[in-house]
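What follows is a set of notes on a single structure, which appears directly below.
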Amino acid sequence: MNIFRLLGDLSHLLAVIILLLKIWKTRSCAGISGRSQVLFAAVYTARYLDLVTSYISAYNTVMKIVFLVASYGTLYLMFIKFKATYDHNHDTFRIEFLVLPCVILALLINHDFSALEILWTFSIYLESVAILPQLFMVSKTGEAESITSHYLFALGSYRGLYLFNWIYRYYAETHYDLIAIIAGIVQTVLYCDFFYLYITKVLKGKKLQLPA
């Protein structure tokens, strides 16, 4: 554990809380991509199966359970409780074009050809692109509510902070994971345009608008 990982985890947790509060308080999931949320649920499920096989620490276990529960809770709110508010018309990204390449990559490039390791690797690859349906939806509608923008910023910050975590671990512990680092870089790059618009518009009180 180091300060960058802790801040990354807190930023990730903040993103989840912002999303759940947005849906619950407004009684609406308008502007939220259900397809991205399905991908995130797949990411957490594949990655946290080790909950039943190994124990690292109470912190690790609690955080994994929180993200799993929050992810499936979000799906419940979007597809069952507030289903009528879900914008199917704009959430049209073909997620099979993300899932299938990630499955193939996980089978070809991994640390160990075992079920749990392949699932972990798949989750790393998938997480790097899971936000694309959400960014595509924002681009398609042309704008995003401030609360949705805060959610995206917190989620992007989480991955950016994890890159600093890997840099710290490389110099402090001579430890690195090339798969996680490359996937993290890809994920952070996907947020770059959004970060710029967030800083220059949302923080100044303007509505975030992306080019269609």
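The values are calculated or read from the model by the stated rules, or taken from the named source; none is laboratory data. Bear in mind the structure is a predicted one, so any value in this text is a computation, not a measurement. Cβ sites come from the backbone with ideal geometry, for glycine too, and all protein chains shown count toward neighbours. These area figures cover heavy atoms from the full protein model, side chains too; ligands, DNA and RNA do not enter into them. Shrake-Rupley method; radii C 1.70, N 1.55, O 1.52, S 1.80 Å.
The charge dipole of region 129-193, taken about the Cα centre with unit charges on the Cβ atoms of Lys, Arg (+1) and Asp, Glu (-1), comes to about 80 debye, rounded to the nearest 20. Counting Lys and Arg as +1 and Asp and Glu as -1 over every other residue whose Cβ lies under 12 Å from the Cβ of K64, the net charge comes to -1. Each Lys or Arg adds one and each Asp or Glu subtracts one; over the other residues with Cβ under 13 Å from the Cβ of N2, this totals 0.
Taking max minus min of the alpha-carbon positions on each principal axis, region 78-163 gives extents of 42, 28, 24 Å, largest first. Angle, helix 115-129 long axis vs. longest principal axis of the chain, Cα atoms, 0 to 90°, nearest 10? Between helix and principal axis, roughly 40 degrees. Rounded to the nearest 20 debye, the dipole magnitude of region 1-140 is 600 debye, with +1 charges on Lys and Arg beta carbons, -1 on Asp and Glu beta carbons, and the Cα centre as origin.
The Stokes-Einstein estimate for the chain, based on a Kirkwood radius over Cα pairs and taken at 4 °C with 1.567 mPa s viscosity, is a diffusion coefficient of 73 µm²/s. Accessible surface for region 4-89, divided over its residues, is 49 Å² per residue with a 1.4 Å probe.
Accessible area of the chain with a 1.4 Å probe: how many percent of it is carbon plus sulfur? With neighbouring chains kept in place, the figure for the chain is 69 percent. A simple count of charges around S11, restricted to other residues whose Cβ falls under 11 Å of its Cβ and scoring Lys, Arg +1 and Asp, Glu -1, yields +1.
Using only the alpha-carbon atoms, how far is helix 96-108 inclined from the longest principal axis of the chain? Give it as 0 to 90 degrees, nearest 10. Taking Cα atoms only, the helix is inclined about 10 degrees. In the chain, the longest principal axis of the Cα atoms and the axis of helix 132-141 are about 10 degrees apart.
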